[in-house]
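Laboratory data are not the source of any read-out in this text; all were calculated from the coordinates shown. Note that this is a predicted model, so its numbers are computed, not measured. Positions of Cβ are generated from backbone atoms using ideal geometry, with glycine treated the same way; all protein chains shown enter the neighbour counts.
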Amino acid sequence: MAINPEFIGRTYPPTQAYSVGREKIREFAAALGESARCFFDVDEARAMGYPDLVAPPTFAILVSMQASKQVIFDPELALDYTRVVHGEQKFVHSRPIFAGDDLTSVVSVDSIRSAAGNDMITVKTELRSTGGDLVSTAYSLLVSRGVEESP
């Protein structure tokens, strides 16, 4: 295993706040092919009981991927990003993300293991409002493909 298992539990400093904008929500929803009006029309979103446009559930990836760079490019971790593939993604939402939210992220290394010559690292990112309320937790499994040895 090339990745040091002592990194399990390592937590990185909070990121700068990410301001969720209406247009970014609209662009993201359109890219997904969404048609629900709560992603595009403020009046429709408010009629549904939301304070503003609501973001699609996977919108959290925009914020969590930025925070994950702290782990991915940590020179002490020695992760060769040229060999990394994204294994899986999971979100646990405490509440929806809305236009107008300012979100900070704290990323940590949740687990490291080896399987079939590959290193697997699970990165956990907690997205919180600037008031401290948990909004979403993202889990990303990164697989660092093993290097083939010459015969």
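Annotations
- Values of log10 I(q)/I(0) for the chain across q = 0.12, 0.14, 0.17 Å⁻¹ run -0.56, -0.71, -0.93, by the Debye formula with one identical scatterer at each alpha carbon and no solvent.
- Spin-label pair Ala30-Arg10: with each label point 7 Å from Cα along the Cα-Cβ axis, the two points sit 4.0 nm from one another.
- Difference of contour (0.36 nm per residue) and Cα-Cα distance, Leu134 to Arg113: 4.8 nm
- Under the combined filter of DSSP loop state and at most 14 neighbouring Cβ atoms within 10 Å, the stretch 1-76 retains these chymotrypsin sites (Phe, Trp or Tyr not before Pro): Phe73.
- Remark: Leu142, Leu32, Leu77 ranked as Leu32, Leu77, Leu142, counting other beta-carbon atoms within 10 Å and listing the fewest first.
- Those GluC sites (Glu not before Pro) in the stretch 32-103 that DSSP places in a loop and that have at most 13 other beta carbons within 10 Å: Glu76
- Point-to-point label distance, Arg145-Gln66, nm (Cα→Cβ direction, 7 Å offset): 3.0 nm
- Percent RCO, i.e. relative contact order, over the chain, from Cα pairs under 8 Å lying at least 6 residues apart: 30 percent
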